[in-house]
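Worksheet for the structure shown next.
Every read-out reported here was derived from the displayed coordinates using simple, explicitly stated rules and does not represent laboratory data. This one's a predicted model, so the numbers in the text were calculated from it and none came from an experiment. Using ideal geometry, Cβ is built from the backbone for each residue, glycine included, and neighbour counts are taken over all protein chains shown.
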Amino acid sequence: MTNEGIERSRLFQQGSIEVICGPMFSGKTEELLRRLRRAQIAKLKVEIFKPSTDTRYDPTAVVSHDLNSIQSTPVETSSSILLLGGHTQVVGIDEAQFFDDELPNVCEALANKGVRVIVAGLDMDFSGKPFGPIPKLMAIAEFITKITAVCMACGAPASRSYRLIKSSETVLLGEKESYEPRCRICFNLDK
Ligand SMILES: Nc1ncnc2c1ncn2[C@@H]1O[C@H](COP(=O)(O)OP(=O)(O)O)[C@@H](O)[C@H]1O
Ligand SMILES: Cc1cn([C@H]2C[C@H](O)[C@@H](COP(=O)(O)O)O2)c(=O)[nH]c1=O
Ligand SMILES: [Zn+2]
């Protein structure tokens, strides 16, 4: 086999972790769906997971704000992902910020077994603080895609999710009635 051939076969056997992060409405789910659909077109075995607590659009499907969707398995804990995703080639995880602290270890174990793991989630909560297991996942990922939405106050690229209703709970499911993406300046103005 040529050197290039060896490189290519290593690339396809090797597991990896990809993180897609950013604020609400930045297109994380759309990007996750795009990558997973390409893997399905390539006839790879794909399993998709989301936290069972995220029932916003559908109890089982992963659904984007533009209502594109893909079937998934809702799970309560990250250990179920290791159990159910260990015999597949590609694992997709949406709303990863809601999972427990074991998620980075689960993703690492899957990637070490040769699985391509693609994780999408909020990097920051409504107060601008790192959200759940995402920061640790970003540290161990091979590839990070940090994307922006459009700031609803000024039109600039938005990196943060501004909460429109009064609540100090970290977890509060919602859509446009409860959150809007904002740039750093507009986020800080009304803090
Ligand atoms: N302020 C906004 N900025 C960017 N996209 C927005 C905004 N409001 C609504 N959208 C829509 O949301 C879509 C992204 O949805 P989705 O992939 O579900 O985002 P995320 O998973 O990051 O919340 C965009 O393609 C766009 O049509
Ligand atoms: C900022 C923030 C968000 N949430 C919730 C709101 C939504 O239900 C999801 C994020 O969904 P998206 O696919 O990224 O649009 O998270 C929360 O519970 N706490 C927060 O601080
Ligand atoms: Zn702004």
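Only one residue of Pro59, Leu33, Gly121 has its Cα farthest out toward the positive end of the dipole of the stretch 3-147, where Lys and Arg carry +1 and Asp and Glu -1 on Cβ, and that residue is Leu33. Stretching the chain fully between Asn105 and Glu177 yields a gain of 22.4 nm (0.36 nm per residue, less the alpha carbon separation). Our helix-only sum for the chain, with -39,500 (n - 2.57) per DSSP H run of n ≥ 4 divided by its residues, gives a mean residue ellipticity at 222 nm of -8500 deg cm²/dmol.
Using the Cβ-Cβ distance between Thr170 and Ile140 with R0 set to 25 Å, the FRET efficiency works out to roughly 0.65. Spacing of the modelled spin labels on Ile41 and Ser69, each 7 Å from Cα toward Cβ, amounts to 2.3 nm. Dividing the mean sequence gap of close Cα pairs (under 8 Å, 6+ apart) by how many residues the chain holds gives a relative contact order of 27 percent. Absence of a disulfide-compatible partner, taken as no other cysteine beta carbon within less than 4.7 angstrom, is noted in the chain for Cys21, Cys107, Cys154, Cys186.
Shape of the stretch 43-127 from the C-alpha gyration tensor: oblate (a/c of 1.5 or more and a/b not above b/c, with a ≥ b ≥ c the square roots of its eigenvalues). With 18 Å as the limit on Cα-Cα distance, the pairs of Lys28/Lys176; Lys166/Lys191; Lys136/Lys166; Lys146/Lys176; Lys45/Lys136 that go past it are Lys136/Lys166; Lys146/Lys176; Lys45/Lys136.
Each residue of the stretch 43-58 was assigned a 3J(HN,Hα) from its phi angle through the Karplus curve 6.51 cos²θ - 1.76 cosθ + 1.60 (θ = phi - 60°); the sequence is 6, 7, 7, 10, 10, 10, 10, 8, x, 5, 6, 8, 10, 3, 9, 7 Hz, with glycine and proline shown as x.
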